[in-house]
Every structure is written in structure tokens, then in C-alpha cells.
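A quick write-up on the structure given underneath.
The values are calculated or read from the model by the stated rules, or taken from the named source; none is laboratory data. In this text the structure is predicted, and so the values were computed from the model without any measurement. No Cβ is skipped: glycine too gets one built from the backbone with ideal geometry, and neighbour counts run over all protein chains shown. Heads up: the accessible areas ignore ligands, DNA and RNA and are worked out on the full protein's heavy atoms, side chains in. Shrake-Rupley method; radii C 1.70, N 1.55, O 1.52, S 1.80 Å.
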Amino acid sequence: MLSLGHADVYCPPRKRARISGPFVVKDRSKDPSLEILPDECLFEILRRLPGGRERGAAACVSKRWLTVLSSVRNSEICRSKRYLTRCVEGKKATDVRLAAIAVGTSTRGGLGKLSIRGSNSVRGITNVGLSAIAHGCPSLRVLSLWNVPSIGDEGLLEVARECRSLEKLDLSHCRSISNKGLVAIAENCPSLTSLTIESCPKIGNEGLQAIGRCCTKLQSLTIKDCPLVGDQGVASLLSSGASMLSKVKLHGLNITDFSLAVIGHYGKLITSLNLCSLRNVSQKGFWVMGNAQGLQSLVSLTITLCQGATDVGLEAVGKGCPNLKHMCIRKCCFVSDGGLVAFAKEAGSLESLILEECNRITQVGILNAVSNCRKLKSLSLVKCMGIKDLALQTSMLSPCESLRSLSIRSCPGFGSTSLAMVGKLCPKLHQLDLSGLCGITDAGLLPLLENCEGLVKVNLSDCLNLTDQVVLSLATRHGETLELLNLDGCRKVTDASLVAIADYCPLLIDLDVSKCAITDSGVAALSGGVQVNLQVLSLSGCSMVSNKSVPSLKKLGENLLGLNLQHCSVSCSSVELLVEDLWRCDILS
């Protein structure tokens, strides 16, 4: 402590220099510099400066920079199209917060995207806050309002008057907004390209008719659970001669066969169509939609919970959509084998097929559909309870050489017999997901593994009856290509499987042996294997893995990014040591 008059000043001791050596002055004359660039390159750099302040600062660097900047024409300046985005939700969603955003962003290029999710329960967002945004942010292009009951037509009218560049509007659970607000948006925002309306009970046909009449650039439309929306509103959006709609989602609406007929006739530019819970649409609606021959550009079709989706309608859709590549059918209880096979024969461009909870479909329909789809690349079956493990004659069926991905999940009737038949028809698989198939055994899976060439990703989680024999076959036949293997819950898999994986799988990146009969010996074998790319290892629930595995895990951890040791017998102190040594790895314990 030094005494200076009446004040005591503390002087800390100096730190010693980390490097004790001669002080060398570096010659920076040879460092890289922008000055060595030719004028042409400097011109391209300087014309990309974002604003006048930045260009003015650059002009002060040197006479040369000033000269180059002065040669840049106004039309040659690269102006950024990026804009500011803000999201307010919960307690922060107040009028004061919106006013602050409007003022704060006005001097920084303006607000381009605003999302409001929920509202403060005491001082929630009202029309006042939204009006402040409208007045202060005329450049607003994207507006999302989710669950804001106090915002009504008045606030949306201000947005329509001031934000005429609006391109995307998302209204969800906005019960105070009616047709009046949507009509104002339609009449003042002709650049609107995307519209989502969900659970807005006061919006109906009048608002959608205005959108169809004025917003000729609309490309994406989603309407969900709006009870006042009917055929007139949907038809007006699609039947307009200037309609540019390419993506359409209609969920839980009171529309009838008429709307599907309009879609079939006028949806010439639609590439993605999603229909869900259309209770008033019958078989006739789907039949007309397919036979109208207007959906020539349709690439993706999803049908969920539609009782009108039957075999007849499905076949018509296959005929009328020649470019359909992705088909998803969920919870359609009247679709059976006949409709699936007829659809497969007609849909010559089909590449992806998803069937979920379609309980009238059996393995007869699945095998015949696969055999008839010459371009099918991906097949997914989920919770199809109609599948029974029966032996069928497959000699007359042609193999599907194009199929690369097969996923059969939670189909309890799908057993070893069915799997062996599928294996004969799918020789070129790269991805296989059989998670949750408790009925399959080694005898059913081994023929499939023998017929396939070069599996890359395999998920066998919760296949309780599989043993080391399957893993050995998988490793020896596909080890040179295998990158992901999930054996979570395969209780009969032991250390022998890890020995095989260590010997034959050099490209493995992700390995999950959670809840398997793995011990310290298996982990040691894996650490001495050929895996140089292993990044994720899960041993969760392997209670026989103990502190003895720590040295092996350290060795594996040189490349690991994720390690799951939950419910193992590894102590907390050992985990702490691993955390210190494997600083790149995210360890769960």
C-alpha cells in the first residue's frame, strides 16, 4: 500500500512474463494487405459495403480507396435484402414491448419479420401495440400472430394500410379477427405469397374470396379448424384464373366434394396437397379430384382421417396425378389391398409411400404394391394392424430394385415370415428400420441381410428376440458400409456383438447398445477395434458396464462427440474424470 496524501493506493504485483527470451520486433511490411489487390477486386469488395456510413469510412482510408468508391455507380451497389426479425412471447408480449421494437428498428433498416406468440396475462398485446408496429415498420414482410385474443380487426387494418409489402401472414387462434381484417389485407397487400389461418372462428368465406380476388401472387395456403370456411371460400381461391397456388393444406373444414372437384380441375400448379379430417367429403370427391386430370404438377399428397378416401378414389388419384412422387395415407380405414395395388400400378412416378394406421391393408397388398412400383425408393409402415404373419407365394412378384429405405414400425403382426418375403423383393436396401417388431427372430431377418447389398443405416430397437447371430451377419456382410446401428432394447445382444462390430465396421458413426447385455469386456473390445469415425455411443441401461470401462471409453473418446452412460454402474467421480479428458464429448450420466 502506498500513501498519497490522505488516500491509500493498492498496487498489485506485476505478473511475470510467460516467455523469457529476447524481445523481437516483427517486420510487418510483409504481412498480407488489401493494397496488393488489383482495382477490380477492390471494386467488388467496396461495392458490397452495406450502407452510406460504411462507405464514407472506407473512403477515408486512402486516396486509392476514395477513387475506387467514386467509380461505383448507384445501380452497382449491392444492397442487402436481409431484414430484422423479432419474436415476442409470453410475459414479454406487451404493447410497450411492441412500441419499443417499432422505434428501435426504424433506424436500423426496419423490421421485416415479427412473430407474436401468446400474450401477457395482465398487460397483453392489443390493437394499440400492433398499430405501433404498423406505423413504425412499413417494411414489414412477415407477420405471425399466435394466440393473441385482444388483437382484432382494428390492428390488422393498420397493418394493411401501412405495411403494403407484406408477403406472409400467419393467424393462429386469433378469435377477435374477422373477415373485415382479412379483406383489408387482401385489398392492400397484393404481394401476399403465403397465408395460414388456424382456429380463427370469425374468418369465413368472405375473407377468402377477397384473398382469391386480390392476392394473385399467393403460393402457399393453410386453413385449419375454421368452422365458417366452406366450399365458396376454398373454391374462390383455387378457381381464379390467375391462381399461383402451389402448396395447399386443408384441415378440419366443412367443405364437401365440390371443393375437391375444384382442386382437381383448377389445381394445375399445385405441387403439394395435404387433406386432413374432411368429414363431409365422400368417395365421389376423391374420384372427381383424380379424374379431373388437373393435378398434373402434383408431387406430394397427404391424406389423413378422411373417410371418403377409398379404393376407388385412390385408384383415380393414381391415374390423374402422373408426376406424384410422395404419397402419405394416415388413418384412412376404408383403404384396402385392392386400392393400394391399383394405385401402385397407376402411379408410375411414385418414389415414397407412407402407410400409417391403415388397418385394412395386409402384407398381400404391401408386397404387390412394392412389386408394381418400379421407381419406389422409400416405404414406411406404421401401426398397420391388419398385417398378419402368413406365408404367401411370392415367386410371381418382381423384385423392387429401386427401393433403398424400408421402415416397418410398431406393426405387431409383422413377423419373421413376412420379413423373409420382403427381403426377397428388396435386394438394394440402404436403410432398414424395424423398431418395435417384437415378433421377428434371427430366422426371419437373416435372409433379408443375406439378400441386401451394402446397408448403411439399421435400426433394430426393441426387437427383443434378436441375438448376436444377427449382429454378426450384419457386421460381416455390411460392415464396410454400415454407418448407424441401433440395438436399443435388444436384451439378447451381448459382448460378442461388440467384438464383431469392432472387427468389421470401420465406417460406423453412431452405435446404440442401450439396455443390451453388454459388459466391460465388450467395451474393451470395441475400444480396440477398427472404428476411426465413431462419434456417438450409447450404453444407457447397461448395468454391467462399470468403472473398469473408463480407460476404454477414454480411448474411444478421441473422436466421440456424444456418450450416454445413464443407468450404468459408472461412478460420478469416474464420469467427472471422463468429462475432463473428453472435453469435446457431450456426456450423459
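For the reader, a short list of remarks on this structure follows.
- Using the Cβ of Ala517 as centre and a radius below 12 Å, the other residues enclosed give a net charge of +1, where K and R count +1 and D and E count -1.
- Charging the Cβ of each Asp and Glu at -1 and of each Lys and Arg at +1, and nothing else, the dipole of segment 454-589 about its Cα centre rounds to 220 debye.
- Stokes-Einstein D (µm²/s) once Rh is taken as the Kirkwood radius of the chain over alpha-carbon pairs, at 4 °C in 1.567 mPa s: 44 µm²/s
- Protein heavy-atom accessible surface, 1.4 Å probe, per residue over segment 247-367: 37 Å².
- Surface accessible to a 1.4 Å probe, His265 within the full protein complex, Å²: 90 Å²
- Note on the chain: helix-only mean residue ellipticity at 222 nm, from DSSP H runs of 4+ residues weighted -39500 (n - 2.57) and normalised by residue number, equals -9500 deg cm²/dmol.
- Shape metrics for segment 231-382, restricted to C-alpha atoms - Rg then Dmax, Å: 14.3, 45
- Taking Arg53, Arg491, Arg477, Arg404 and ordering them by how much accessible surface each has at a 1.4 Å probe, largest first, produces Arg53, Arg491, Arg477, Arg404.
- Simple rule: put +1 on each Lys or Arg Cβ and -1 on each Asp or Glu Cβ in segment 417-484, find the dipole, and look at Leu437, Ala420, Leu474; the Cα lying farthest toward the positive end is Ala420.
- Computed from the alpha carbon positions, the gyration tensor of segment 156-254 leads to an equivalent ellipsoid with semi-axes of 18, 16, 11 Å, biggest first.
- With the whole protein complex present, Arg584 retains an accessible surface near 120 Å², based on a 1.4 Å probe.
- Other residues within the sphere of radius under 15 Å centred on the Cβ of Leu526, judged by their own Cβ, net out at -4 (K and R +1, D and E -1).
- Protein accessible area in the chain, 1.4 Å probe - carbon and sulfur %: 53 percent
- Sites excluded, chymotrypsin sites (Phe, Trp or Tyr not before Pro) in DSSP loops with at most 12 other C-beta within 10 Å, longest stretch of the chain: 24-582
- Under 24 Å from Lys555, Cα to Cα: lysines that are on another chain or at least 8 residues apart: Lys515
- Cα-based Rg / Dmax (Å) for segment 223-305: 11.4, 31
- Restricting the calculation to Cα atoms, segment 472-589 yields a radius of gyration followed by a Dmax of 12.8, 40 Å.
- Hits among aspartates and glutamates - C-alpha to C-alpha of Lys424 under 17 Å, sequence gap 8 or more where chains match: Asp389, Glu401, Asp433, Asp442, Glu450, Glu453
- Taking max minus min of the alpha-carbon positions on each principal axis, segment 381-449 gives extents of 26, 25, 22 Å, largest first.
- Relative contact order %, the chain, counting alpha carbon pairs below 8 Å whose residues are six or more apart: 4 percent
- Segment 486-506 and segment 381-441 have Cα centres spaced 23 Å apart.
- Flagged links, alpha-carbon separation over 19 Å, of Lys247/Lys325; Lys92/Lys113; Lys180/Lys268; Lys319/Lys345; Lys113/Lys224: Lys180/Lys268; Lys113/Lys224
- Sum of side-chain charges, Phe343 neighbourhood, beta-carbon under 10 Å (Lys, Arg +1; Asp, Glu -1): -1
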